[in-house]
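*Asks:* Quick one: the structure is below, and I'll ask about it shortly.
Every read-out reported here was derived from the displayed coordinates using simple, explicitly stated rules and does not represent laboratory data. Just so it is clear, the structure is predicted and the values come from calculations on it, not from any experiment. Every residue, glycine among them, receives a Cβ derived from its backbone with ideal geometry; neighbour counts consider all protein chains shown.
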């Protein structure tokens, strides 16, 4: 049942993207890092971001190791980190976020996960993050993008 719901959700997002006009949320270049191991969802989010942020660059990764390597080179340039929590690699999305903050990168961190938000011992407020539960709505993601740009 969960697989059917996820499939329906991804297809709904994909249908919206195909029908949506380009609705740029700003005129400046914006760098977004997206970490998601679900390939269909990763591609759909990439298409959504291209539709609503056409002047932005989106770097997508399916594992934490590749994301961390990219962050090591470009972390000071990244404006927004969209991180799934449970991903392949040496660490999870929370570990990636901790490394981002340890290196004093200032981009906004948004966790997107189907799992409940961990307690304060695992994920503390020092990370300055936002949590979005999957399945999220397009409006919710657009709201997060808008707030990130206002930072």
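*Asks:* From the Cα gyration tensor of region 98-150, with a ≥ b ≥ c the square roots of its eigenvalues, which class applies: rounded if a/c is under 1.5, or else prolate if a/b is larger than b/c, or else oblate?
*Replies:* The shape class here is oblate.
*Asks:* Also, I was wondering about something else. Could you please rank 137, 62, placing first whichever residue has the fewest other Cβ atoms within 10 Å of its Cβ?
*Replies:* Exposure proxy ranking, most exposed first: 137, 62.
*Asks:* Let me ask something else. Tell me, what is the percent relative contact order of region 56-122, built from C-alpha pairs under 8 Å that lie six or more residues apart?
*Replies:* 35 percent
*Asks:* Averaged over all directions, how much area does the convex hull of the C-alpha atoms of region 53-150 cover when projected, in nm²?
*Replies:* Answer in nm², one decimal: 6.4.
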